[in-house]
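All remarks here apply to the structure that follows.
Read-outs throughout are calculated quantities, based only on the coordinates presented, and are distinct from any laboratory measurement. Everything quoted here is computed from the prediction, not taken from an experiment. Note: ideal-geometry Cβ built from the backbone for every residue, glycine included; neighbour counts use all protein chains shown.
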Amino acid sequence: MTAPQTDAIIGALMERLRTSLLIILIVALSVALYWLWFADAGTDRRHAAEPLRRDLAGIVLPQPQALPDFLLHDYAGRPISADWFKGKWTFAFFGYTHCPDICPTTLYTMQQVSRQLERTPDVLADTRFLFVTLDPQRDTAEILKGYVQHFDPAFLAARGDSATIDRLSAALNIPYAIEREAGSDHYVVNHAAAILLIDSDGRYHARYTPTQSVAVISDTYREIRNRHR
């Protein structure tokens, strides 16, 4: 066998070896990536499969909902949009300052929830309380500020035009209707009394009813936050 023939055979063997090594490397990398994906997916499935505590079943939404586009302003004129909710958790309640019973009762409940959260200062610092008026015609910024700060100086209140309020309240399942008295300018606003929980990703995450106590709201809120991590 001549030297050129030997060199050709050795070259072919080396090329075949390089090809084999490349195939082995690709297969090994594919297997590693598959198992990494499977492990992550398994972790997600295990987290998703964690059963809800019985007391959370009627509170937490089956799937958190993104907020629609909107623009409100608080009593200081600062804008509140869907992005405003990101970064902190927010208890939100829709009502109006002329409300004779439901609104003051619910704001008092929110006040007491805030007091309960004082036991965990880091949680309280990461939590906001927002009142959104369904009656922007009468609820001026000044009236809103005095109304909510009567319950807690840290409470915020927001208002917007009627079209924005209609769209936002509908998206969050807060039905309301204005009932006018015949022959009078006086009217009442009939509305849902739910306290909504917006998570730190800016999503409608949970809903509390008037029948749930301060202790239940405070306790389940902490649990919802822990599950959200």
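Inter-label distance, Ser200 to Thr140: 3.9 nm, where each label sits 7 Å from its Cα along the C-beta direction. Label separation (Val188 vs Ala82): 3.5 nm, computed from points 7 Å beyond Cα along the C-beta direction.
The DSSP beta bridges internal to region 54-228 are antiparallel in roughly 70% of cases. Model label sites at Gln63 and Ser162, defined 7 Å from Cα along the beta-carbon direction, differ in position by 3.4 nm.
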